[in-house]
1. The stretch 263-344: which GluC sites (Glu not before Pro) are DSSP loop and have at most 14 other beta-carbon atoms within 10 angstrom?
2. Of Ser52, Ser218, Ser200, which is the most mobile in a GNM of the chain whose springs link Cα atoms less than 10 angstrom apart?
3. At q = 0.10, 0.13, 0.15, 0.16 Å⁻¹, what is the log10 ratio I(q)/I(0) for the stretch 175-282, with the Debye formula run over Cα points and no solvent?
4. Could you list Leu112, Leu97 in order of exposure, starting from the residue whose Cβ has the fewest other Cβ atoms within 10 Å?
5. By count of other Cβ within 10 Å, fewest leading, how are Ile101, Ile180, Ile242 ordered?
6. Based on DSSP H runs of at least 4 residues, each adding -39500 (n - 2.57), what is the mean residue ellipticity at 222 nm of the chain after dividing by all its residues, to the nearest 500 deg cm²/dmol?
7. Rank the residues Leu161, Leu201 as a footprinting-exposure proxy: fewest other Cβ atoms within 10 Å of their Cβ go first.
8. I'd like the Karplus ³J(HN,Hα) series for the stretch 219-231: coefficients 6.51, -1.76, 1.60, θ = phi - 60°, whole numbers in Hz, and an x wherever there's a Gly or Pro.
Amino acid sequence: MTIETDDVDALRHHGDAEAAPGLLDFAVNVQGDGPPEWLRRRLAAGLATLGSYPSEAAHLRAREAVAARHGRTVDEVLLLAGGAEGFAMLPKLEPTLAALIHPSFTEPEWMLRQARVPITRVVLEPPYQLSGAAVPESADLVVVGNPTNPTSVLHPASEILALRRPGRILVVDEAFSDAIPGEPESVAGKSMPDVVVLRSLTKTWALAGLRCGYALASPDVLRRLQVGRAHWPLGSLQLEAIEACCEPAAVAAAQERAARIEEQRSEMAARLTATGMNVHGPATAPFLLVEVPDGDAVRSRLRARGIAVRRGDTFPGLGSDHLRVAVRGRTETDVLISALEEIL
Ligand SMILES: Cc1ncc(COP(=O)(O)O)c(C=O)c1O
């Protein structure tokens, strides 16, 4: 079955819909089977505080940790229930035309469409580089992912910032930036009045179920984004996790993991290429975009063998021959490769 990418419901299709229990999961880009032991212990200790409302002091501590991690001021930090909440807030900026750079994560488009914001898709052709992207001058909101899901392309920060225009807000989704050693091309540390950076703690820390992320932007933009937000927007455990994951030891651990991902990715890319798949490169993120004839059938056959990969055709600009595969360790990759060798 092919999903028409004009089908708005398809924009709500994410990898988790393909990763049923019992399947070997290459569909969701979360690292590992849950948060590390030290983080679990901290969260478990936090259970004792659940009788109280989340405190202002805990909220501030978490914001301070984020600010220190990125060299920003506390008033430039907005804590979020995952990067996804940041996308849900974008209509509050009251854009008159939002440009979405595709192929990319589809949640921002879904959210903007829900709010009846006029949108335009800027669909990049392979190799999915930003240079020459035809963003209408009239777009007063532009959303771009860096590194981009699902292409795994990392755009130079200079090309990202070249999208700025007077009167425009530029939103950079850096959900996977912490999975790249050194976080090159990130603009999270730069204070600019018109740039919003969205970060997620979901992927690297395997915290998808807790909903943790944050936005970095000017105090004025953050104030506009929060209009109408519920009181106590984040729970105590979310605040604890955000603070913990932004402490220097955690950032260092994430960087170690990023280095491991880099090795695993290049090994995996070579092995996938050897099966006859076309692997899009250079890849930088903890996932690979691959193209294979009859991709839909390949995906179904993998599923029949207990392996979930993410379909590509719900991403505007991609088709059913595209698949996205999460970077995993050698044991899991062995299983995937031997299944592909049989299928292809
Ligand atoms: C590119 C990208 N950005 C943002 C998100 C949102 O992540 P979360 O809301 O879990 O922080 C995702 C989740 O899949 C993603 O792939």
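Coordinate-derived values only; no laboratory data. Predicted model only: the values in this text are computed from it and were never measured. When we count neighbours, we look across all protein chains shown, and the Cβ atoms used for this are built from the backbone with ideal geometry, even at glycine.
1. Values: sites: Glu263, Glu267, Glu291, Glu332, Glu341, Glu342; in loops: none.
The qualifying sites: there are none.
2. Largest GNM mean-square fluctuation: Ser52.
3. The calculated log intensity ratios at q = 0.10, 0.13, 0.15, 0.16 Å⁻¹ are -0.41, -0.64, -0.80, -0.88.
4. On the way: Leu112 22, Leu97 16.
Fewest-to-most Cβ neighbours within 10 Å comes out as Leu97, Leu112.
5. On the way: Ile101 26, Ile180 22, Ile242 29.
Ascending number of Cβ neighbours within 10 Å: Ile180, Ile101, Ile242.
6. Details: 10 runs with 113 residues, N = 344.
Calculated at 222 nm, the ellipticity per residue is -10000 deg cm²/dmol.
7. Values: Leu161 15, Leu201 30.
Fewest to most other Cβ atoms nearby, the residues stand as Leu161, Leu201.
8. x, 5, 5, 5, 5, 5, 5, 8, 4, x, 6, 5, 5
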